[in-house]
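One structure is given here, and the rest of the page talks about it.
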Amino acid sequence: MKHILLSIACFCLSTAASFSQTAVKLDTVMPVRGLAIAAPSQQGIPLFIKFIEEELAPAHFNLLILRVDWNYDYKSHPELKDPNPLTLDNVRQIADACRKHGIRVAPQINLLGHQSWAKTTYALLREYPEFDETPHVHTEDYTGWPNPDGLYCKSYCPLHPGVHKVVFELIDELTAAFDTDLFHAGMDEVFYIGDDKCPRCSGHDKAELFAGEVSAIRNHLALTGKKLMIWGDRLIDGKTTGIGAWEASMNNTHRAIDLIPKDVFICDWHYERADQTAVYFAMKGFDVATCPWRKPEIALVQLDDMIRFRANATRQMAPHFRGIIETVWSGADGFLKSYYNPETYKQEVSDAVTLKKLMEAYKQMY
Ligand SMILES: [Zn+2]
């Protein structure tokens, strides 16, 4: 009996040791394995939690960036919430499921840019039109892209004296609801910045305006030990690199890379080519993750690149290459419908297919 117990004890010890060694190995090769997706609707919560527990967790995902925006029952600013938003209880359910499986959550509110979409002005500028960087441009006149106004999405004015009180209250409430020390501020594709007609921003250096806003949000989070994540496109020179106006900046914001605090986490998204700009961010001293979307073959090249960058970089740079964050840009409920539909996997270009390929890769690496 003693012998059997000893054997069982040895088996348990060796199993635990091999598990911990493989966990350490995956964390060493690829510390961040993330998904960025919209928060679900209230009705979508049960399926979303099933997805976390039965799909993301077994595939060793450890970061969930959740685009919440106005889909939360803000008590600090009830005027900004969508109809039927997520409640505190809903958010706690998601946060608890993630915590149980070692998945960190970074809730996201799109700040600075993305304050409108096509003809719809979103809550912040709808309720506080005085924060609008370009009040002379009317979303109801939107005719599609491109257009004479250069309207893609509206921005708020980063120099408006009232905007940060509102924005910081939202950040504080949302990070407290998720009980997390990560916050994603979006800040991608900011086309309207330093507008010539803005009485506060006109004539200012656009890189300084962008850096000022990143720094203000980062500094606010740092007061309570929290960390800022942003998309990286505004920090890349779109003209010199040839990456262009979307995945990089053609409006002179890119010099902000040398003006913002180094502890901002960069989500470096590239969907059509495996652009190796993660190296640029790491050389500047930033933690960076590469973010694919719906082309599985690109995502797998980006995964290989990330592993290679970590393996071949200097002792100083290697730790900055953090991993891969897959992005999903449809609504969460619609995405899960396609994720659980076998027909989806007949497609070559699909966010669900890309996610599955990454899941398989992480499981193999584990
Ligand atoms: Zn302004």
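The values are calculated or read from the model by the stated rules, or taken from the named source; none is laboratory data. Note that the structure is a prediction, hence the values are computed from the model and not measured. Positions of Cβ are generated from backbone atoms using ideal geometry, with glycine treated the same way; all protein chains shown enter the neighbour counts.
Descriptive notes on the structure:
- Residue tally, condition of a type outside the set (A, V, I, L, M, F, W, C) and closer than 24 Å to Ala177 by Cα, over segment 114-127: 4
- Filtered by the rule that a residue be part of a helix (DSSP H, G or I) and polar (S, T, N, Q), segment 80-104 gives Asn90, Gln93.
- Condition check for Pro161: within 16 Å of the ligand (Cβ to nearest atom), assigned to a loop (DSSP other than H, G, I, E, B), more than 17 Å from Phe183 (Cβ to Cβ) and of a type outside the set (Lys, Arg): yes
- Segment 211-230 - residue that is under 17 Å from the mean Cα position of the chain (by Cα) and free of Cβ contacts under 8 Å to residues at least 60 places away in the same chain and, of those, farthest from Glu169 (Cα to Cα): Ile230
- Within segment 107-130, the set of residues being more than 24 Å from the chain's Cα centre (by Cα) and within 14 Å of the ligand (Cβ to nearest atom) comprises Tyr128, Pro129, Glu130.
- Checking each residue in segment 172-208 for being among the acidic types (Asp, Glu) and within 21 Å of the chain's Cα centre (by Cα) picks out Asp172, Glu173, Asp179, Asp181, Asp188, Glu189.
- All positions within segment 191-216 that are of a type outside the set (Gly, Ala, Ser), over 13 Å from Leu159 (Cβ atoms) and more than 12 Å from the ligand (Cβ to nearest atom): Phe191, Val214
Here's the yes/no breakdown for (1) over 25 Å from Asp195 (Cβ atoms); (2) touching an Asp or Glu at 6+ places or on another chain (Cβ under 6 Å):
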position: Leu64; (1), (2): yes, no
position: Cys98; (1), (2): yes, no
position: Leu112; (1), (2): no, yes
position: Glu130; (1), (2): no, no
position: Val137; (1), (2): no, yes
position: Tyr152; (1), (2): no, no
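- Meets criteria (within 18 Å of the chain's Cα centre (by Cα) and either among the aliphatic types (A, V, I, L, M) or at positive phi (or both)) for Val279: no
- Scanning segment 176-190 for residues that are away from the ligand (no atom under 16 Å from the Cβ) and either part of a loop (DSSP other than H, G, I, E, B) or within 15 Å of Thr134 (Cα to Cα) (or both) turns up Asp179, Thr180, Asp181, Asp188, Glu189.
- The set of residues from segment 164-175 being buried (at least 20 other Cβ atoms within 10 Å of the Cβ) and within 15 Å of the ligand (Cβ to nearest atom) comprises just one member, Val167.
- For segment 105-114, the condition of being touching a Cys at 6+ places or on another chain (Cβ under 8 Å), of a type in the set (S, T, N, Q) and not in a helix (DSSP H, G or I) holds for none of the residues.
- Considering residues of segment 147-158 that are among the hydroxyl-bearing types (Ser, Thr, Tyr) and part of a loop (DSSP other than H, G, I, E, B) only, the residue farthest from the ligand (Cβ to nearest atom): Tyr152
- Note on segment 1-58: residues that are at pLDDT 95 or above, touching a Phe, Trp or Tyr at 6+ places or on another chain (Cβ under 9 Å) and in a helix (DSSP H, G or I) total 4.
- Filter result for Ala299 (within 19 Å of Pro58 (Cα to Cα), free of Cβ contacts under 8 Å to residues at least 60 places away in the same chain and surrounded by 17 or more Cβ atoms within 10 Å (Cβ to Cβ)): no
- Filtering segment 134-146 to residues that are within 12 Å of the ligand (Cβ to nearest atom) and in contact (Cβ under 8 Å) with a residue 60 or more places away in the chain leaves only Thr134.
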